[in-house]
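Please read the structure below before turning to the comments.
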Ligand SMILES: [Fe+2]
Ligand SMILES: [Fe+2]
């Protein structure tokens, strides 16, 4: 038996860290608590120090399972109580080990300009020139060749991060004030459909998902159906926008998102039109082609530039956030090109 297989005589819950916490009752037994800790001790170093893909999938599923449920209010039908100290501890350890791995990958060699103007130019150049951008072969495929079902499969896979975007911006709001707060609030208000419930981005996305046959609650009820690369994407935003110490990384990630999304969406829109979707059925995609161009500029000038002026020492972290996000997006594109065609 390999290390990753679960001995059925010692574990009665479904395999995996996420399976273990999902099967907890209101009052987990000492054995259950012990099993979660034991398995975490085994999986975390395998996933984030030894490059074991199966272990990383298990760890990312667990990270996402807890992040996505922990932001729900208790009246949600999907709510689960994931505040038990053992879950909180294991979740924190898994996230920290992952962060340490990424810091080893990016922190040491990354050099970023430390003036507002210089950093802005660097960020724009890095994002626009990155291999995860519109020049990735995935976007030609989606625009020119993908079937309806393949386009839908990609849209479905992108759900764990996309569906949470408004909440992720909201998580960043506390404790930030002045012009930066206004820019965050502006971005958030666009997520809120500028006050029109049917125009909220979440609603627009759910409408499009319903139209193309994607189950609207799968991002909570079918976590195991997502590629590890997509779970990583959602988890890195949850991680950096919920820990205040990582807010600079979150700011970098959001900058990268706003800069790269419009071009990538245009190719998907082309694809959807080609397979017969009407524009009014993909308002979600069309909306982001325009608003994200404004968001990218606003974010750079009103969130990052003031930070750069006040605390240039924070820019390395912003840069790490940008790089983590871009490379994560590239892994998504590569995975999609292996899975979809
Ligand atoms: Fe949005
Ligand atoms: Fe945006």
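The values are calculated or read from the model by the stated rules, or taken from the named source; none is laboratory data. Everything quoted here is computed from the prediction, not taken from an experiment. Glycine also receives a Cβ, built like all others from the backbone with ideal geometry; neighbour counts cover every protein chain displayed.
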> In this structure, is residue 259 in contact (Cβ under 8 Å) with a residue 40 or more places away in the chain and assigned by TED's automatic domain parsing to the domain that holds residue 322?
Replying inline: yes
> Can you name every residue in region 47-65 that is surrounded by fewer than 20 Cβ atoms within 10 Å (Cβ to Cβ), over 16 Å from residue 104 (Cβ atoms) and free of Cβ contacts under 8 Å to residues at least 60 places away in the same chain?
Replying inline: 52, 54
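Being under 21 Å from residue 321 (Cβ atoms) and touching a residue at least 12 places away in the same chain (Cβ under 8 Å) is true for just one of 144, 128. Which residue is that?
Working: 144 fails: under 21 Å from residue 321 (Cβ atoms).
Criteria check complete, one pass: 128.
Which members of region 147-179 meet the condition of being within 16 Å of ligand 2 (Cβ to nearest atom) and in contact (Cβ under 8 Å) with a residue 24 or more places away in the chain?
Within region 147-179, the first condition is being within 16 Å of ligand 2 (Cβ to nearest atom), and the residues that meet it are 158, 161-173.
Across region 147-179, the qualifying residues are 158, 161, 162, 163, 164, 165, 166, 167, 168, 169, 171, 172.
Among the residues of region 111-146, write down those that are in a loop (DSSP other than H, G, I, E, B) and over 16 Å from residue 252 (Cβ atoms). Write out each step before concluding.
Narrowing region 111-146 to residues in a loop (DSSP other than H, G, I, E, B): 111-115, 130-136, 145-146.
Hits for region 111-146 are 115, 131, 133, 134, 135, 136, 145, 146.
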>> Against the condition modelled with pLDDT of 95 or more and part of a helix (DSSP H, G or I), how does residue 315 come out, does it pass?
In response: yes
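Condition check: within 16 Å of ligand 2 (Cβ to nearest atom), surrounded by 15 or more Cβ atoms within 10 Å (Cβ to Cβ) and touching a residue at least 40 places away in the same chain (Cβ under 8 Å). Does residue 183 satisfy that? Lay out the reasoning, then the answer.
On the way: within 16 Å of ligand 2 (Cβ to nearest atom): yes; surrounded by 15 or more Cβ atoms within 10 Å (Cβ to Cβ): yes; touching a residue at least 40 places away in the same chain (Cβ under 8 Å): yes.
When the stated conditions are applied, residue 183 passes them.
Report yes if some residue within region 260-279 is outside any loop (DSSP other than H, G, I, E, B) and closer than 30 Å to residue 16 by Cβ; otherwise report no. Step through it out loud before you land on a result.
Going through region 260-279, the residues outside any loop (DSSP other than H, G, I, E, B) turn out to be 260-274, 279.
When the remaining residues are screened for being closer than 30 Å to residue 16 by Cβ, the result is none.
No, every residue in region 260-279 fails to be outside any loop (DSSP other than H, G, I, E, B) and closer than 30 Å to residue 16 by Cβ.
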> Somewhere in region 23-41, is a residue in a helix (DSSP H, G or I), at pLDDT 95 or above and under 26 Å from residue 171 (Cα atoms)?
Replying inline: no
> Which condition number does residue 290 fail, the rest of (1) within 20 Å of residue 158 (Cα to Cα); (2) away from ligand 2 (no atom under 16 Å from the Cβ) being met?
Replying inline: (2)
> Based on what the data block shows, is residue 254 touching a helix residue (DSSP H, G or I) at 6+ places or on another chain (Cβ under 7 Å), within 10 Å of ligand 2 (Cβ to nearest atom), part of a helix (DSSP H, G or I) and modelled with pLDDT of 95 or more?
Replying inline: yes
